[in-house]
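A.B. asks: Before I ask anything, here is the structure I am working with.
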Amino acid sequence: MKILKFGGTSVGSADRMKKLLDIINPSDTQIVVLSAVSGTTNSLVEISNQLLKQDKTQALKLIETLKNQYNQLIAELFDKTEFLEQGKEVVDYHFDFLTALSNDLFTQVEEKVVLAQGELLSTTLYHIYLKSINVKSVLLPALDFMKIDEDNEPVISFTTEKLSKIIESYPTDNFFITQGFICRNSFGEVDNLRRGGSDYTASLIGAAIMAEEVQIWTDIDGMHNNDPRIVKGTQPIAQLSFDEAAELAYFGAKILHPQSVFPAQRFKIPVRLLNTMEPQAKGTLITHESEKGKIKSIAAKDGITVIKIQSSRMLLAYGFLRRVFEVFERYKTPIDMITTSEVAVSLTIDFTDNLEQIVKELHDFGSVEVEENKTIVCVVGDFGVEKHGYAARVLDALKHIPVRMISYGGSHYNISVLISTVDKTEALRSLHNRLFD
Ligand code: ADP
Ligand code: ASP
Ligand code: MG
């Protein structure tokens, strides 16, 4: 069984949906995971924001605009009246539902339901399209087998159990379609795997049923060696280890959801990043293997906040860091980077919902300073202990940029520096020139 995930651009128009069969072989045994049509989830976020603000008029306007786009899409997708009618029923159903939601009390629970409509629409419409051209497929409801627990962690064993049973109940079928991104939470409510979560769905399903391979089909020919939205002349990377890919995804390479590498890594499922617009391109293969002594790629993660705690009591005090970390643990706030000196510790977070309470508690240890609008720039590759010169090259490329923190040696495959977000573009370009040219 293979898992093929197609992102928003890959299903972004009727034409793109039709072209998926250039890539998908209907006779293969596979689960095809689809994202929402590109732009839809952003529109749904906007609709939810208006409803949370209780601006029903604006929300209804946005719902209408989005519905028009879908009516256009089905007009282009279906030639025969019979299937156009079916498509219209689906569009009406989902948009009537959105309109009805705007009459009720609107909380974060309803917000998740709104966000789920994008993947429900794309998969249902694609399923009808396949029917319209006599290609047999089975639409599987992700909400029946994708689940997160009370800590928002996916429950792979649940997916294994449920999905295996569902697939067994279709002994003569081989082509399954399902929604990326959406799941249920521990209360049984509709929830999601955060933005970009369809990659995570594909990897989780791949792990849950021990797939042969997970393919992430997107709008670029694999993981590039720098952010192609910022740096010119970036190149695709043919091979990455799971660890390298995980670092890049976590530290901002948008092509992969930050958590999406871990399930595949844990269950040793190879992941391929491929280009829907250029299916023959080699893309990137992610496996356990790592190429020795090579700098692979550069990524950047914005929206970082630094917290510095200065305390004279830290001097020789064992247990100090534990107590600091416990504060972050109580507020379920992950720490990304940390540097220490004898009198101070600086650490970074990107989830700042509980910042105020965290800072208040940290004041018990000493003085606390907070700096916002920072970016972590991360250079990934194989920097084995016996190697030398890598850190010098990275810092040399950044010699004209103020560096706030440096992290090296935490693993063999990552050098991270913290800079101000205003310096990001220059940092990425300068590193690219110094490390790859
Ligand atoms: P999809 O909708 O298919 O999930 P995304 O927009 O989430 O696609 O991810 C693909 C995009 O990620 C690319 O178009 C590219 O602009 C961006 N990107 C950022 N960093 C990288 C990188 N290092 N390599 C490749 N793409 C990257
Ligand atoms: N549609 C969701 C999003 O836009 C999930 C995804 O595309 O991966 O975030
Ligand atoms: Mg994506």
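The values are calculated or read from the model by the stated rules, or taken from the named source; none is laboratory data. Since we're looking at a predicted model, the values are computed, not measured. As a convention, Cβ positions derive from the backbone with ideal geometry for all residues, glycine included, and neighbour counts pool all protein chains shown. Surface accessibility is based on the protein's heavy atoms, side chains included, excluding ligands, DNA and RNA. Shrake-Rupley method; radii C 1.70, N 1.55, O 1.52, S 1.80 Å.
A.B. asks: Count the net charge of all other residues whose Cβ sits under 13 Å from the Cβ of residue 2, scoring Lys and Arg as +1 and Asp and Glu as -1.
C.D. replies: -1
A.B. asks: Using the beta-carbon distance between residue 330 and residue 13 and R0 = 35 Å, what value does 1/(1 + (r/R0)^6) give for FRET efficiency, to the nearest 0.05? Each step should come with its number before you reach the end.
C.D. replies: On the way: r = 47 Å, r/R0 = 1.34.
Efficiency for this residue pair is about 0.15.
A.B. asks: For segment 336-437, what % of the accessible area comes from carbon and sulfur atoms, probe 1.4 Å? Intermediate values should be presented prior to the final figure.
C.D. replies: Details: 2440 of 5040 Å².
Carbon and sulfur together cover 48 percent of it.
A.B. asks: Also, quick follow-up: Tell me, what % of the accessible area of segment 68-188 is carbon and sulfur with a 1.4 angstrom probe? If you can, show how the numbers build up before the last one.
C.D. replies: Details: 2960 of 5840 Å².
On segment 68-188, the fraction of accessible area on carbon and sulfur atoms equals 51 percent.
A.B. asks: Another question, then. What are the ³J(HN,Hα) values, in whole Hz, obtained from phi via the Karplus relation 6.51 cos²θ - 1.76 cosθ + 1.60 with θ = phi - 60°, for each residue of segment 140-148 in sequence order, with x given for Gly and Pro?
C.D. replies: The phi angles translate into 9, x, 4, 5, 8, 9, 9, 9, 10 Hz.
A.B. asks: Give the separation of the Cα centroids, segment 110-157 to segment 195-210, in Å.
C.D. replies: Centre-to-centre (Cα) distance: 12 Å.
A.B. asks: 5 Å is the cut-off here: which amide hydrogens, built 1.01 Å from N in the peptide plane, fall below it relative to residue 5, excluding neighbours closer than 5 in sequence?
C.D. replies: Those lying under 5 Å, H to H, from residue 5 are 33, 215, 216, 217.
A.B. asks: Using the per-residue mean of other Cβ atoms lying within 10 Å as a proxy for protection, in what order, highest first, do the peptides 23-31, 43-51 fall? Don't skip to the answer; put the middle values down first.
C.D. replies: On the way: 23-31: 16.0, 43-51: 19.8.
In decreasing order of mean packing, 23-31, 43-51 become 43-51, 23-31.
A.B. asks: While we're looking at this one, here's another question. Using only the alpha carbons, work out the radius of gyration and Dmax of segment 1-105 in angstrom.
C.D. replies: That works out to 16.0, 49 Å for Rg and Dmax.
A.B. asks: Over the chain, what is the relative contact order in percent, taking alpha-carbon pairs closer than 8 angstrom and at least six residues apart?
C.D. replies: Working: 858 pairs, mean separation 58.4, N = 437.
Value for the chain: 13 percent.
A.B. asks: With Cβ to Cβ distances under 9 Å as the rule, what net charge do the other residues near residue 180 carry (K, R +1; D, E -1)? Could the numbers behind the result be given before it?
C.D. replies: Values: positive: 5; negative: 119, 199.
Summing Lys and Arg as +1 and Asp and Glu as -1 gives -1.
A.B. asks: Along each of the three principal axes of the Cα atoms of segment 228-269, give the extent in whole Å, ordering the values from largest to smallest.
C.D. replies: Principal axes ranked by extent give 35, 19, 11 Å for the Cα atoms.
A.B. asks: If the chain were replaced by its equivalent ellipsoid, with semi-axes equal to the square roots of 5 times the Cα gyration tensor eigenvalues, what would those be, largest first, whole Å?
C.D. replies: With the √(5λ) rule applied to the chain, the semi-axes are 40, 27, 21 Å.
A.B. asks: Taking every DSSP beta bridge with both residues inside the chain, roughly what % is antiparallel (nearest 5)? If you can, show how the numbers build up before the last one.
C.D. replies: Values: 40 of 67 bridges.
Counting only bridges with both partners in the chain, antiparallel ones make up about 60 percent.
A.B. asks: Here's another thing I want to ask about it. Which helices, counted as full DSSP H runs in the chain, have an axial Cα extent of no less than 24 Å and a Kyte-Doolittle average of -0.5 or above?
C.D. replies: Numbers: long enough: 56-77 (31 Å, -0.33); 81-101 (30 Å, -0.06); 108-132 (37 Å, 0.14).
Within the chain the helices that satisfy the rule are 56-77, 81-101, 108-132.
A.B. asks: While we're looking at this one, here's another question. Before I look further, what does segment 296-435 give for accessible area per residue, probe 1.4 Å, in whole square angstrom?
C.D. replies: Working: 6990 Å² over 140 residues.
So segment 296-435 comes to 50 Å² accessible per residue, rounded to a whole number.
A.B. asks: Give me a comma-separated list of calculated 3J(HN,Hα) values for segment 274-288, in order, Karplus coefficients 6.51, -1.76, 1.60 applied at θ = phi - 60°, integers in Hz, x for any Gly or Pro.
C.D. replies: In residue order, the calculated couplings are 10, 9, 4, 7, 9, x, 7, 4, 5, x, 10, 9, 10, 9, 6 Hz.
A.B. asks: Measuring from label point to label point, each 7 Å out along Cα→Cβ, what is the residue 108 to residue 280 span in nm?
C.D. replies: Distance between the two pseudo-spin positions: 5.0 nm.
A.B. asks: Name the shape class, rounded, prolate or oblate, that the alpha-carbon gyration tensor gives for segment 296-435, where a ≥ b ≥ c are the square roots of its eigenvalues, rounded holds for a/c under 1.5, and otherwise prolate holds if a/b is larger than b/c and oblate otherwise.
C.D. replies: On the way: a/c = 2.18, a/b = 1.66, b/c = 1.32.
Since a/c reaches 1.5 and a/b is larger than b/c, the shape of segment 296-435 is classed as prolate.
A.B. asks: Below 22 Å Cα-Cα, how many Lys pairs turn up in segment 296-435? Only count pairs eight or more apart in sequence, or on different chains, if you could.
C.D. replies: 18
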